[in-house]
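Notes follow once the structure below has been shown.
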């Protein structure tokens, strides 16, 4: 077994355990969110093993480093108690979650049964910032611009919600 | 290979963290004392010998280890114990990508004086820095104390705000050097440029011959002066030391997120700030002050000059020692600058810190990116 296989299993096990920790930690929302951070970092480790270095760095910077911090802000300031999660209030959410889980399972089975494509050698500079940057600003420039516009709309919306008296 | 990496890691940890950090806890007191016309810490002695109070760091550590490690009632025990470690570890491992010397060829063997050298070295430091936020937020929440909680929220809000500015303010630097790899950045700075070269490249004006010898080192601080100021501000705010010490405030929220910490766990928070001071000094020297490079004397010049007399092996070794000493000299200068700023600027108010970040530094750094891009385009046109 090579080192990368060992690391893959270590990161994969960490990701699965911490994801379970997030789902099962109903009593303590902060601990749940911290488990999600561990999941994100473990996924970043797997991206590094896949040579997707830039995706790994942004996984840590954006997801682990910023988005979940904002989750934590909300959780800490709301100070949720367990009765906010009473079973009766969540029927619709549970139904939706079950449906999505089945869709993901079906997709996973389809991919696994059709077999994976043959492994190809990676092109030079694969996953580096230069290649990712060129791809983003040539092939996918429309998507980048549209998501920029979407974020701008979200910022404006957040400002209006935060300052209702702005008129 | 592995042995080489371990030796380099041990060297950088021993020098940058093992000896700089204890000494700068002493420097902080002594420098503030000199600036405020006091004597400063000088009471700790071993057998009556005081040597300017240099025993104080040792006495501090012994005291912190001997103290009781209290976990407050109703605290989340696991998080309370883990938080200081999460705050300290990112600061320590950031040194992995900072080069403290060039690449030296001894016969067939090449020694590169950096522990790890990924293409995305600078992004690695930013990613690691964003993890450090969790140390403060966990400490604040797990202490079961409203002051701690408010301090933790303030600290993390400040850190994620300044992370954005910190990243954007150095975009100009890696545009100029065409790389994110820290070793390549220093290699690019190990040369000089013509001070008045912009006259003929941009405007087509001839530079008089008697002025054309005026050259500056190709350092980030000369190519991107605005980025230097903004990056230093942002990264000092990221470290949460005065004048940006919003998470603490005796009159508002006591000691902020580490109110409930005692013993060596408090010591870890305290130390992680000082470790970050050393990391900031190393990073700023690497990005803006040419890292290990000696101004006006590039690596080939030094090795060429010495090897003609003493032979190539001796010359390379001497050059390596000179480069490492130059790097640490620059680190010391940057530490001095941070200490001097810390003791001369008054503390900001929280809203002023946030205004500075979002309304001053962020627009300026975006403008810096645009101006840098424009100038680079014009230079390319002019050169072609």
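The values are calculated or read from the model by the stated rules, or taken from the named source; none is laboratory data. What you are looking at is a predicted structure, and each value in this text was computed from that prediction instead of being measured. Cβ atoms come from the backbone with ideal geometry, glycine included; neighbour counts cover every protein chain shown.
The sole residue among A:31, A:15 that is more than 9 Å from every other protein chain (Cβ to nearest Cβ) and either more than 27 Å from residue A:127 (Cβ to Cβ) or touching a helix residue (DSSP H, G or I) at 6+ places or on another chain (Cβ under 7 Å) (or both) is A:15. For segment B:281-316, which positions are loosely packed, with under 15 Cβ neighbours inside 10 Å, free of Cβ contacts under 8 Å to residues at least 24 places away in the same chain and assigned to a helix (DSSP H, G or I)? Listed by number, the residues that qualify are B:300, B:301, B:304, B:305, B:308, B:309, B:310, B:314. All of (1) more than 8 Å from chain B (Cβ to nearest Cβ); (2) surrounded by fewer than 18 Cβ atoms within 10 Å (Cβ to Cβ); (3) more than 18 Å from residue B:83 (Cα to Cα) hold for residue A:38 with one exception: (3). Please indicate, with yes or no, whether at least one residue in segment A:42-65 is more than 9 Å from every other protein chain (Cβ to nearest Cβ), modelled with pLDDT under 80 and crowded, with 19+ Cβ neighbours inside 10 Å. No, there is no match, as no residue in segment A:42-65 is more than 9 Å from every other protein chain (Cβ to nearest Cβ), modelled with pLDDT under 80 and crowded, with 19+ Cβ neighbours inside 10 Å.
Here's the yes/no breakdown for (1) in a helix (DSSP H, G or I); (2) at pLDDT 85 or above; (3) at the interface with chain A (Cβ under 10 Å from one of its Cβ atoms):
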{"residue": "B:128", "(1), (2), (3)": "yes, yes, yes"}
{"residue": "B:131", "(1), (2), (3)": "yes, yes, yes"}
{"residue": "B:134", "(1), (2), (3)": "yes, yes, yes"}
{"residue": "B:140", "(1), (2), (3)": "yes, no, yes"}
{"residue": "B:149", "(1), (2), (3)": "yes, no, yes"}
{"residue": "B:152", "(1), (2), (3)": "yes, no, yes"}
{"residue": "B:158", "(1), (2), (3)": "yes, yes, no"}
{"residue": "B:163", "(1), (2), (3)": "yes, yes, yes"}
{"residue": "B:166", "(1), (2), (3)": "yes, yes, no"}
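The residues of segment B:61-81 that are surrounded by fewer than 18 Cβ atoms within 10 Å (Cβ to Cβ) and part of a helix (DSSP H, G or I), listed by number, are B:61, B:62, B:63, B:65, B:66, B:77, B:78, B:81.
Assess whether residue B:207 counts as being more than 9 Å from chain A (Cβ to nearest Cβ) and part of a loop (DSSP other than H, G, I, E, B). Criteria met by residue B:207.
Considering only residues in segment B:251-267 that are in a helix (DSSP H, G or I) and buried (at least 22 other Cβ atoms within 10 Å of the Cβ), the one that is modelled with the highest pLDDT turns out to be B:265.
Where residues in segment A:18-28 are touching a residue at least 24 places away in the same chain (Cβ under 8 Å) and more than 23 Å from residue A:58 (Cα to Cα), which of them is nearest to the other protein chains (Cβ to nearest Cβ)? So the residue we want is A:27. Screening residue B:106 with (1) more than 13 Å from chain A (Cβ to nearest Cβ); (2) at pLDDT below 80; (3) surrounded by 17 or more Cβ atoms within 10 Å (Cβ to Cβ) gives one miss only, at (3). Within 30 Å of residue B:170 (Cβ to Cβ), in contact with a strand residue (DSSP E or B) (Cβ under 7 Å, 6 or more places away or on another chain) and either within 14 Å of chain A (Cβ to nearest Cβ) or not in a loop (DSSP other than H, G, I, E, B) (or both): does that describe residue B:124? When the stated conditions are applied, residue B:124 does not pass them.
Only one entry in A:99, A:72, A:92, A:78 is at pLDDT below 85 and not assigned by TED's automatic domain parsing to the domain that holds residue A:5, namely A:92. When you look at residue A:161, is it surrounded by 10 or more Cβ atoms within 10 Å (Cβ to Cβ), outside the structural domain of residue A:48 (by TED's automatic domain parsing) and at pLDDT 85 or above, yes or no? Criteria not met by residue A:161.
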